[in-house]
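The values are calculated or read from the model by the stated rules, or taken from the named source; none is laboratory data. Since this is a predicted model, take the numbers as computed values, not measurements. Glycine also receives a Cβ, built like all others from the backbone with ideal geometry; neighbour counts cover every protein chain displayed. Ligands, DNA and RNA are excluded from the accessible area calculation, which covers all protein heavy atoms including side chains. Shrake-Rupley method; radii C 1.70, N 1.55, O 1.52, S 1.80 Å.
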Amino acid sequence: MKSTALEEPKRFAVGASPQCRTVTVDRVSIAYDDRGSGFPVVGLHAITHGSRDFEHVTDRLAARWRFIALDWPGQGRSGSDHEPARLARYTTLLAGFFDALKIDRAVLIGNSIGGSAAMAYAAQFPHRVAGLVLADPGGLIPMNALGYRLCGLMAALGRAGQRDAFYFKPVFSILYRQFLRTPAARVQRARIVDAAPECAGIWEQAWLSFPTPDANQTDIGTHINCPVLFTWAKRDPVVSYAASKDAIARFSDHSVSLFGGGHCPFLEEPEKFLAAVEPFLESTTAEKFAVRSLSAKAV
């Protein structure tokens, strides 16, 4: 993909590679990287991030599986959307993405809203999901007065970014030092902060959607039967593992691995993440699962 502007949008550096592929889903150009071969594993990033969040784990995953990482609309190298950023929209786009790439069945690795979309997709299309790796997914904490207040403040921060308020970027930078804490995440964190003004509208849309009933996934575990591995950053300042435990207990086939960091285990502690995830992928993509996959790379 090439920008028609003299200078590429800063969000491009957060997402898919310059050699990425694109596919149109519901009039939205979705950028994605597609590497390796074998059973498909699809990576879904957090809001205002991009698929480059997976850069520390891509080589290892693509050496054994077909690893596909996409950019959500208006983030990374994907085109803008004609609908607001919210869980239902991302779930619809994910379904269209599977169809466009002719992915019959896959394992999903989702962080934050990416994890929420992975859960929603697995509940709606159980025959197309062999397993879930959920990294600090949203939607599992019951909403209370503090949660409503937090979402309102976060949405207000997005509005500040859209009007180019002088304090937006410093505040966003402070916030992201809490979300992405480890040295491994430092470079991608800087890219995310640098691109934040371009994605401020999407940030606002998403945070306005989080306290709505449609984003409540506290009972979704009762509708998901595939194996689930929860990977959780223990120091997450917003999506607390402790507050999510009741919802996690509703998943019939689940395990939990805890990590350092603040929100994104595969970016913050990639080696430890791979040590936990590779055995899970081996079991969920074994021959008894893989024979059901008719996936083929898009031309």
Being within 20 Å of THR48 (Cβ to Cβ) and surrounded by fewer than 19 Cβ atoms within 10 Å (Cβ to Cβ) narrows it down to one residue among GLY115, GLY152, GLY139; which is it?
GLY152
Across region 159-194, which residue is farthest from ALA233 (Cα to Cα) among those that are assigned to a helix (DSSP H, G or I), touching a residue at least 12 places away in the same chain (Cβ under 8 Å) and among the charged types (D, E, K, R)?
ARG159
Residue hits (region 72-102; in contact with a strand residue (DSSP E or B) (Cβ under 6 Å, 6 or more places away or on another chain) and of a type in the set (Lys, Arg)) are ARG77
Unique match (being modelled with pLDDT of 95 or more, under 25 Å from GLN19 (Cβ atoms) and among the polar types (S, T, N, Q)) among SER116, SER112, SER80:
SER80
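Looking at ASP236, ASP253, ASP219, ASP246 in this structure, which one is charged (D, E, K, R) and open to solvent by less than 40 Å² (accessible area, probe 1.4 Å)? Before you say what the answer is, go through the steps one by one.
Numbers: ASP253 fails: open to solvent by less than 40 Å² (accessible area, probe 1.4 Å); ASP219 fails: open to solvent by less than 40 Å² (accessible area, probe 1.4 Å); ASP246 fails: open to solvent by less than 40 Å² (accessible area, probe 1.4 Å).
Unique residue meeting the criteria: ASP236.
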Would you check if there is a residue in region 40-50 being closer than 20 Å to PRO197 by Cβ, of a type in the set (Ser, Thr, Tyr) and open to solvent by less than 30 Å² (accessible area, probe 1.4 Å)?
yes
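To keep it simple, each residue is scored yes or no on (1) open to solvent by 20 Å² or more (accessible area, probe 1.4 Å); (2) touching a helix residue (DSSP H, G or I) at 6+ places or on another chain (Cβ under 6 Å); (3) among the β-branched types (Val, Ile, Thr); (4) farther than 26 Å from GLY76 by Cα.
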site: ALA196; (1), (2), (3), (4): no, yes, no, no
site: ILE202; (1), (2), (3), (4): yes, no, yes, no
site: PHE210; (1), (2), (3), (4): yes, yes, no, no
site: VAL228; (1), (2), (3), (4): no, no, yes, yes
site: TRP232; (1), (2), (3), (4): no, yes, no, no
Those residues of region 51-84 which are more than 23 Å from PRO137 (Cβ to Cβ) and either touching a helix residue (DSSP H, G or I) at 6+ places or on another chain (Cβ under 7 Å) or buried (at least 24 other Cβ atoms within 10 Å of the Cβ) (or both), in sequence order:
ARG77
Would you check if ILE174 is under 24 Å from GLU268 (Cβ atoms), open to solvent by 60 Å² or more (accessible area, probe 1.4 Å) and β-branched (Val, Ile, Thr)?
yes
Could you figure out which of (1) open to solvent by less than 20 Å² (accessible area, probe 1.4 Å); (2) at pLDDT below 95; (3) β-branched (Val, Ile, Thr) isn't true of VAL291?
(1)
I need every pair where a residue in region 58-84 that is over 29 Å from ALA200 (Cα atoms) has its Cβ under 6 Å from the Cβ of a residue that is open to solvent by 10 Å² or more (accessible area, probe 1.4 Å), sequence separation at least 6 or different chains.
ALA62/ARG35; ALA62/GLY36; TRP65/GLY36; TRP65/GLY38; TRP65/PHE39; ARG66/GLY36; ARG66/SER37; ARG66/GLY38
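Would you confirm whether any residue within region 266-284 is assigned to a loop (DSSP other than H, G, I, E, B), modelled with pLDDT of 95 or more and aliphatic (A, V, I, L, M)?
Kept after step one, since they are assigned to a loop (DSSP other than H, G, I, E, B), are these residues of region 266-284: 269.
Now drop any that are not modelled with pLDDT of 95 or more, which leaves 269.
Still in the list and also aliphatic (A, V, I, L, M): none.
No, region 266-284 has no match at all.
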Would you tally the residues in region 23-36 being farther than 21 Å from GLU204 by Cα and either free of Cβ contacts under 8 Å to residues at least 40 places away in the same chain or buried (at least 24 other Cβ atoms within 10 Å of the Cβ) (or both)?
5
